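All remarks here apply to the structure that follows.
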Amino acid sequence: MEPPQPPSPEQIRSGLRKLRWTRYLSHGPIVAFAFLVLVELAAPQPLSDTAHRTANLVLPFALAGFALAFWLRTRPCPRCRLPFFQARRTFAGGRRLPVWNDFAGKCLNCGLPISGEEL
């Protein structure tokens, strides 16, 4: 039985593109909702009412983005096949626990940048 072939640069670029877009779809609606809530709280009355209505429309997308963020944590790195945004770290007492960073610019395991610059 032969060992698995490493992925080609084009496969890695495609996988990174999917990771980037999934992260945009996850975090974008959450940021938009937070911005609208801040506008609603700080703006004068006519703008506050508009922001309130818009925030009500964006809320389902923000909730979907929140759920998508948990799914995003399990997505594999296209190069090393380990979860891109999760690593196992050894803490005091020798316990190996998972550590997540949803905003990481590089794979927490192999260091592959999400921008795909260093292929």
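The values are calculated or read from the model by the stated rules, or taken from the named source; none is laboratory data. The model shown is predicted, which means the values in this text are computed figures rather than measured ones. Every residue, glycine as well, gets a Cβ built from its backbone with ideal geometry; the counts of neighbours run over all protein chains shown.
Can you tell me how many residues in region 78-99 are touching a residue at least 24 places away in the same chain (Cβ under 8 Å) and aliphatic (A, V, I, L, M)?
Here the count works out to 1.
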For this session: Name the residue, out of L19, L47, that is more than 16 Å from the chain's Cα centre (by Cα) and either part of a strand (DSSP E or B) or surrounded by 11 or more Cβ atoms within 10 Å (Cβ to Cβ) (or both).
Result: L47
Exercise. What number of residues within region 68-95 satisfy the criterion of being at pLDDT 85 or above and not aromatic (F, W, Y)?
Worked result: 16
Exercise. Residues of region 22-44 being assigned to a helix (DSSP H, G or I) and either loosely packed, with under 15 Cβ neighbours inside 10 Å or out of contact with any helix residue (DSSP H, G or I) (no Cβ under 9 Å at 6 or more places or on another chain) (or both), which ones?
Worked result: Y24, G28, V31, A34, F35, L38, L41, A42
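Quick one: is T54 free of Cβ contacts under 8 Å to residues at least 40 places away in the same chain, part of a helix (DSSP H, G or I), of a type in the set (V, I, T) and surrounded by 15 or more Cβ atoms within 10 Å (Cβ to Cβ)? Before the answer, list the steps.
On the way: free of Cβ contacts under 8 Å to residues at least 40 places away in the same chain: yes; part of a helix (DSSP H, G or I): yes; of a type in the set (V, I, T): yes; surrounded by 15 or more Cβ atoms within 10 Å (Cβ to Cβ): yes.
Judged against the criteria, T54 is a match.
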Exercise. Within region 62-85, restricting attention to residues that are in a helix (DSSP H, G or I) and buried (at least 16 other Cβ atoms within 10 Å of the Cβ), which residue is farthest from the chain's Cα centre (by Cα)?
Worked result: A62
Seminar exercise, completed: Going through region 86-119 in order, the residues found to be within 16 Å of the chain's Cα centre (by Cα), part of a strand (DSSP E or B) and exposed (fewer than 14 other Cβ atoms within 10 Å of the Cβ) are V99, P113
For this session: May I ask you to say which residue of P76, P7, P60, P44 is closer than 20 Å to N101 by Cβ and either in the same structural domain as N101 (by TED's automatic domain parsing) or not polar (S, T, N, Q) (or both)?
Result: P76
